[in-house]
Every structure is written in structure tokens, then in C-alpha cells.
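Undergrad: First, the structure itself, so that you have it in front of you.
Only the coordinates and a few stated rules stand behind these numbers; no lab work does. What you see is a predicted model; the values in this text were computed from it and never measured. For neighbour counting, all protein chains shown are included, and Cβ atoms are generated from backbone atoms with ideal geometry for every residue, glycine included.
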């Protein structure tokens, strides 16, 4: 506390010493008191309090450059940048020899991209303080920003004279020579940096890249060999060699370096993940990509057994190979290390669906929705799993909600197609047909929807001409599909076109390897309507043996009569 009082006392003494004539003792005291209170507020981070006191100090002494200097800083903190700029300008005009005033003014110039003014101020400062390395460095930076490369090189030479060789000076020279297109100078400077620090493999890498970019591959390889000799575990040597071999078209060797990079203990994980993504995005159409994915996944797993990366890579590999059980296991493992990973949840539900593990599919699709409540894929599998579990109303709820988040028109049609089937199953014909209409508006050639829509209309004996048109179109799209042929035959039967219905029904039975009772029963109904009672009863008997006929089948057989 005593030190702070002493500090404020010195400030006040300095202020008194710099005052000119014409100010009363009252003004002097008011100025000094408010300046010291402003400083106290400054160190308490009380910006508004500091501004108030410094402004009061200035009213008492309008030419107080020290208060102007402090105010410029507080104005900036308060978001009044232009006021801060104006205040430091006034302070610099009143006391142009003050180093700190000039430096702050120059930084304002830089922030406002007034580079000529910054350079003017800093040229004067570096002339007065030639040993100030920070000042020289700032001036060099602005020369680079404003593309005054020769001036920057001159200042770097002056800086080197003051502090001796420094790697940052060399790196800045390299950057300037690159911008100037002076490749020979770049090579010479990098070689000089290598000579000065022969154990620093970073400079070898930099020079090797220059050689590679300029077609001097032999020189680059020599440097890579030197790097390996100096430091076999150099974190970036594998990446450099990967680029080298890739450029030469030696992709197997390049991939070998990728695996070596993953196994390199000195290379950070994020860089490894990035080069993996780069490689597999670029070569995903390669014949060898599956083998490479498996090898990379195993390498990540060996080095990072507690990270999701290896499990996700292998999960993707197994999904491509249709090894759904292995994909499911990898996905579950990935989720133990990152429970909210989207890719892992997606692989999990995609693998469980073909495995027909419906309980798990339902459970995991609902869990995934807790993390991703706007992702249609999880609503889809929630709906499918509930539908398979005969929970049609719940399934409808998931499909209806999920379709609101769908942006892809084809996927939206898939949602509506399933909704059409589900609404039919629950007896809501109107909504079923509305859903089918939405699908056919998007894709008039959706054979499955055409077939189902036509069949359900025929069951209700509604819009039979429309049903015939849709059933025929489905058959035209897939002429050997027994299901579509059966539907077409049944619609023709409902329309009374019995000969045509019989012909289509025969085609359906010929196409189906093991037809269920529905086909034989339909055929029997068509034959009975034509007066072929014995043949009809024979077909109904076959329906009974095959199983799957209607609830009226037994009565038809008993009475040898058609019931609809």
C-alpha cells in the first residue's frame, strides 16, 4: 500500500513539474487528484470511472498529455476507438518526443491500415532507438504487409546487425524472397539457416519442399534422407515423403508413409486425422481403398485404443464389406469413447437394420434422437422398428415428425411411401391416399407405390379406372413382378374384365416361385365369376394348402360359392 501511495505521489510531482504558467493551485490540485483517481480506477478495471476522472483532470489542465495518453486507452476499452485515436494524436502533438505516445499513435495507424503514417512514425523511432529489437520487428512486419520488400530487407539487415543471427530473421527473409519470386535467394537463405543450426530438421523440410515445388526431386530426397539420419522420429518427415511419393505417382509408398505417420509417436493426433481424411477423400475410388482403410483403422486402434477414430474407420470398412455384425460392434465401441458421435450412431442403426435386431434398432434409434433431434435418419429407423413391432401409431408419429426435417426430395418420398402403408394398416384411408399422392407427384414412376395405391383402391372398389391406370403402369415398369401382376389382375377383376384378369393372374402365378394363398384365392375368384366353379374350388383348395388366404376362404370352400 505504501508503494502505491509513493507511486501516485511521484505522478503528482511530475505533473506539477510539467505545468506551465497561468494555472491556479486549485486547478493543479484538481488535475493531480483526478489523474491519480483515474489511475486507481484503471487498475481496478473500472473503465467508466477512469474515463470520468481523466476527463475531469483534462478540464482542469487542457494540455495534460499524460491524461490524454491514459484516456486514449480507456476510450478503446469502452469501444470508443475513434475518440481514443483522436486523444493520442493530441498527446503526441503536445509531446512529440515521448516514445510511448508515438508508439501508441503508430499502432492506431496500423489498425486503421494507414501504413504510410505508421512507417513515418516508426522510422523516426527506430532512428532514435536503433537497439530496440521489438520496434524494428514491428516495422518489418508493416513493410511486409504493405509489400515494401526492399525496405523490409534493409531493416532485417539492420536488425541482424544489432542482435546477430536469429532464425526469425531468416524466416522473414525466406518469406520475402518467396513473394518476390526469387527462388535462388530462398534456397540460399534456407541453406544458410541449415548451416547455422544443422540439427534443426524443420529447415531441411522447408528447403526440401522448395526443391519439390521447383521440380528438383533428387535434391529433395537427399534432404529427406538427411532428416531421417538426424532424427528418425521427426514428426513431419512421413508427411513430406507422402507428398513426395504421391507426386511421383508411387501411391503404395505414399500410403506406407501415411501408416508410418500414424505410428509416429511425435506427430500430433489432429495432424494424423487430417492426413487420413485427405488421403481417403482423394483416393476413395481406388481399388485398394478398402484394404488401406482396414490398415489405417488398425494403426489408429493400436496407437489410440481409447479414441473413437480407429473404431469409426473400421466400422466404415465393415459397413462397405456388408459385415454388419462387425460394423455394429465397432460403432458401439466408438460410442463408449464419444457418446454423441454422429457417424457412430449412423453406422450403428444402419448395421442393426439388416441384422434384423429390431429391439436394439428401436432402442438405439431413440437414443440417437436424444443427441440429434433433427436428423431424419434416426426418425426413419425409429419408425421402421416400431412398425415391425406392430406399433403402427407410434411408427406414424416418428415418420410424420421426421419428414419435417427432410430436405432431400427422394428421402421425403420414402417417408411418405411408408406413411401411406401405415395409414392404410390403421384404417385411415384418406391419409394413406394423401401420402401416396405426394409420392407420385414427386415420382410418377414409383412402381411400389403405384401398386399399393391401386390395390387399396380396388379393395374399396373406389376410383377403379385410376387404380387400373396405376396398376398397369407398375407392371410396365416391372413386367415380371408377380405382386404387380396380381394387383393388376385384381383391379381388372373388380372392373369386370374377367378374361384379361385371368390372363394376368396366370402370368403372376408363373412368375412366382412359391406363391402364397392370396394368389390362388384371387385366381379362384376370377374363375368362379366366369362360371368355372370346379376350377375355382380347386384354386381355393390350393390357397388353403399354401396359407395366407382371406378370412372368407373357408366359407368359399364349404359353400362352393364366392363371397366378397
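Undergrad: Which residues does the label zone of residue 546 cover in the stretch 447-491, counting backbone N under 17 Å from a point 7 Å along Cα→Cβ?
TA: From the stretch 447-491, the list is 480-491.
Undergrad: Could you grab the Rg to Rh ratio for the stretch 342-453? Cα atoms only, Kirkwood for Rh.
TA: When Rh is taken as the Kirkwood radius, the ratio is 0.97.
Undergrad: Whole-Å semi-axes of the stretch 410-495's equivalent ellipsoid, largest first, each the root of 5 times a Cα gyration tensor eigenvalue?
TA: Equivalent-ellipsoid dimensions as semi-axes: 19, 15, 10 Å.
Undergrad: Going by how many other beta carbons lie within 10 Å of each one, how would you line up 41, 327, fewest first? Please list the in-between numbers first.
TA: Details: 41 20, 327 25.
In increasing order of surrounding Cβ atoms, one gets 41, 327.
Undergrad: Another one. Along its three principal axes, how long is the stretch 173-216 when you only count alpha carbons? Whole Å, largest extent first please.
TA: 28, 21, 12
Undergrad: Can I ask one more? Expressed as an acute angle from 0 to 90° and rounded to the nearest 10, what is the orientation of the C-alpha long axis of helix 342-355 relative to the principal long axis of the chain?
TA: With rounding to tens, the tilt is 20 degrees.
Undergrad: Here's something else I'd like to know. Once you put a point 7 Å from the Cα of residue 250 and another 7 Å from the Cα of residue 535, both along the Cβ direction, what distance in nm separates them?
TA: Rounded to a tenth, the inter-label distance reads 7.8 nm.
Undergrad: Hey, what angle do you get for helix 201-213 against the long axis of the chain, alpha-carbon based, 0 to 90 degrees rounded to 10?
TA: Roughly 60 degrees between the two axes.
Undergrad: Given an 8 Å cut-off on Cα distances and at least 6 residues of separation, report the relative contact order of the chain as a percent.
TA: Reported as a whole number, the value is 3 percent.
Undergrad: A follow-up question, please. Quick check on packing: order 517-525, 431-439 by the mean number of other C-beta atoms within 10 Å, highest mean leading.
TA: By packing density, highest mean first, the sequence is 517-525, 431-439.
Undergrad: Given points 7 Å out from each Cα along the Cα-Cβ axis, report the residue 430 to residue 476 separation in nanometres with one decimal.
TA: 3.2
Undergrad: Let me have the 222 nm mean residue ellipticity of the chain computed from DSSP H runs of 4+ only, each contributing -39500 (n - 2.57), with the sum over all residues rounded to the nearest 500.
TA: Rounded to the nearest 500, the figure is -25000 deg cm²/dmol.
Undergrad: What's the long-distance tail for the stretch 99-149, i.e. % of Cα pairs beyond 14 Å?
TA: The share of Cα pairs beyond 14 Å in the stretch 99-149 comes to 44 percent.
Undergrad: So how far, in whole Å, is the C-alpha centre of the stretch 496-564 from the one of the stretch 237-314?
TA: Value for the Cα centre distance between the two parts: 62 Å.
Undergrad: Let me ask something else. If you average the C-alpha positions of the stretch 452-476 and of the stretch 112-156 separately, how far apart do those two centres end up, in angstrom?
TA: Value for the Cα centre distance between the two parts: 83 Å.
Undergrad: Going by C-beta contacts inside 10 Å, put 153, 485, 139 in order with the fewest on the left.
TA: In increasing order of surrounding Cβ atoms, one gets 153, 139, 485.
Undergrad: By how many degrees, between 0 and 90 and to the nearest 10, does the Cα long axis of helix 115-128 differ from the longest principal axis of the chain?
TA: Compared with the principal axis, the helix lies near 40 degrees.
Undergrad: With a bin width of 20 angstrom, please list the P(r) values of the chain as percents of all Cα-Cα pairs, from the 0 bin to the one holding the largest distance.
TA: All Cα pairs considered, the percentages come to 14, 24, 25, 21, 12, 5, 0.
Undergrad: Only residues of the stretch 374-413 count here: report those whose backbone N is under 13 Å from the spot 7 Å along Cα→Cβ of residue 363, or say none.
TA: What the label zone holds, given the 13 Å backbone N cut-off, is no residue at all.
Undergrad: Follow-up. With viscosity set to 1.306 mPa s and temperature to 10 °C, compute the Stokes-Einstein D of the stretch 65-130, Rh being the Kirkwood radius across alpha carbon pairs; µm²/s, no decimals.
TA: 135
Undergrad: What does the stretch 471-564 give for Rg and for Dmax, in Å, if only its C-alpha atoms count?
TA: When restricted to Cα atoms, the stretch 471-564 yields Rg and Dmax of 12.4, 39 Å.
Undergrad: Can you sort 478, 252, 421 from fewest to most other Cβ atoms within 10 Å of each residue's own Cβ? Kindly include the intermediate steps, with their values, before the conclusion.
TA: Numbers: 478 15, 252 9, 421 18.
With the sparsest Cβ surroundings first, the list reads 252, 478, 421.
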